[in-house]
Amino acid sequence: MSPESSSDRVDVSTGGEAFVEMMNSNGVDYLFINSGIDTFPIHEGIAKLRESGRPTLEVILCPDQGTAIAAAHGYFNVTRKPQVVLVHVDAGTMQLGGGMHNALRGRAGIVLCAGRAPP
């Protein structure tokens with residue numbers, strides 16, 4: 001294995017920025033999100049990177065977790081590119097159940113992420 005080159009590294013100052021840069025480096029175009037208090041660091045990371053002129057993904061704000069996973073599933077079906085869904089921790093993750101079943105049966109490439117509730 002070769003050592004990581006300096007061109008592969010990106011300076012970030014928060015976990016939210018690191019999460020966004022990870023998606024950028026993996027070619028994620030859209031983040032399907034059901035926003036809440038536990039996802040604000042991601043919004044802040046996107047805003048900071050946009051302000052500095054760095055490329056960022058587009059946020060697709062979904063009013064419900066089921067909407068988020070269904071939209072990601074549909075977009076995967078059209079593009080064949082894996083999609084990313086970010087929801088609330090606890091009940092938000094649990095709410096994805098039916099959509100997860102549909103995605104599994106449809107063999108959709110979806111990365112599911114959940115925020116962390118503040119202490």
Condition set among the small types (Gly, Ala, Ser) and at pLDDT 80 or above, scope segment 1-23, selection farthest from the chain's Cα centre (by Cα): answer is Ser13
Here the qualifying pairs (Cβ atoms under 7 Å; residues six or more apart or on different chains; first in segment 95-114 and farther than 20 Å from Val28 by Cα; second assigned to a strand (DSSP E or B) and among the polar types (S, T, N, Q)) come out as none
Quick count over segment 90-108, residues being outside any helix (DSSP H, G or I), exposed (fewer than 15 other Cβ atoms within 10 Å of the Cβ) and on the phi < 0 side of the Ramachandran plot, is 1
Scanning segment 45-67 for residues that are β-branched (Val, Ile, Thr) and farther than 17 Å from Gly27 by Cα gives Thr67
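The values are calculated or read from the model by the stated rules, or taken from the named source; none is laboratory data. Quick caveat, the model's predicted, so the values are computed rather than measured. Backbone-built Cβ (ideal geometry, glycine too); neighbour counts: all protein chains shown.
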